[in-house]
Amino acid sequence: MIVLLAFLCDFDIFFSKYAIDHNHRMLITHSIIPGVIIIILGIIINWIPLIIGGISYCVHVIIDTFDWGTNFFYFQKKQIGFKLLITEEEFNNLSEQISQFKNPGSFFDNKYYGNFRCIMIEILIFIIMVLSITFFAFRYLLIIVIYFIFLSFHLYRHFKLKKIESS
Ligand SMILES: [Zn+2]
């Protein structure tokens, strides 16, 4: 449940069409609100795993502020965060930037995989994940398989986009 709550909110991608700019990170699911509600619920019913699950939901949203930013406080309707991958200028002319690619997704993909800091953060989080599962939940070690399933999905997409752009 804790692991599921850590990535559940990314399934809001299927509701992108209802989001501002069709950006799933603008949806309420990518704000801090659901995580806080889960934590409060966990406190009310006094269920520690639910509290930790709420924290893992929040960690996801916080990590999403590093690369592109996310609609953190929701009611502000503004994508906030460190936005390591995008400059203010690019952010304001996003549609023009995206139009330089055959597939719109390539703009984001290129930026992400071409960024040394993002790859380092990714590796660091992977190491923290392996260590915390090993120390706190060793009998669930096999859950790491889920990580590799999603990783291969992302890498497959990455190389497919590269192929499209170079063709
Ligand atoms: Zn996300």
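The values are calculated or read from the model by the stated rules, or taken from the named source; none is laboratory data. Keep in mind the model is a prediction, meaning the values are calculated, not measured. Ideal geometry is used to build each Cβ from the backbone, glycine not excepted, and the neighbour counts take in all protein chains shown.
Can you give me the number of residues within segment 21-40 that are of a type in the set (A, V, I, L, M, F, W, C) and farther than 12 Å from THR70 by Cα?
Residues in segment 21-40 being of a type in the set (A, V, I, L, M, F, W, C) and farther than 12 Å from THR70 by Cα: 6 in total.
Provide a single number: the residues in segment 20-46 that are within 13 Å of the ligand (Cβ to nearest atom) and among the charged types (D, E, K, R).
Number of matching residues: 1.
Out of the residues in segment 1-24 that are modelled with pLDDT of 90 or more and among the acidic types (Asp, Glu), state the one that is nearest to ILE149 (Cα to Cα).
Ranking the qualifying residues of segment 1-24, first place goes to ASP10.
Can you name the residue in segment 138-167 that is of a type in the set (A, V, I, L, M) and under 16 Å from the mean Cα position of the chain (by Cα) and, of all such residues, is farthest from ILE128 (Cα to Cα)?
LEU155
Would you check if TYR113 is away from the ligand (no atom under 16 Å from the Cβ), in contact (Cβ under 8 Å) with a residue 40 or more places away in the chain, within 16 Å of the chain's Cα centre (by Cα) and surrounded by 15 or more Cβ atoms within 10 Å (Cβ to Cβ)?
Considered against the rule, which asks whether it is away from the ligand (no atom under 16 Å from the Cβ), in contact (Cβ under 8 Å) with a residue 40 or more places away in the chain, within 16 Å of the chain's Cα centre (by Cα) and surrounded by 15 or more Cβ atoms within 10 Å (Cβ to Cβ), TYR113 comes out as yes.
For segment 116-139, name all the residues that are touching a residue at least 12 places away in the same chain (Cβ under 8 Å) and not β-branched (Val, Ile, Thr).
ARG117, CYS118, PHE126, MET129
If LYS17 satisfies all but one of (1) under 24 Å from THR87 (Cα atoms); (2) away from the ligand (no atom under 12 Å from the Cβ); (3) of a type in the set (Lys, Arg), what's the number of the condition it fails?
So LYS17 meets the others, but not (1).
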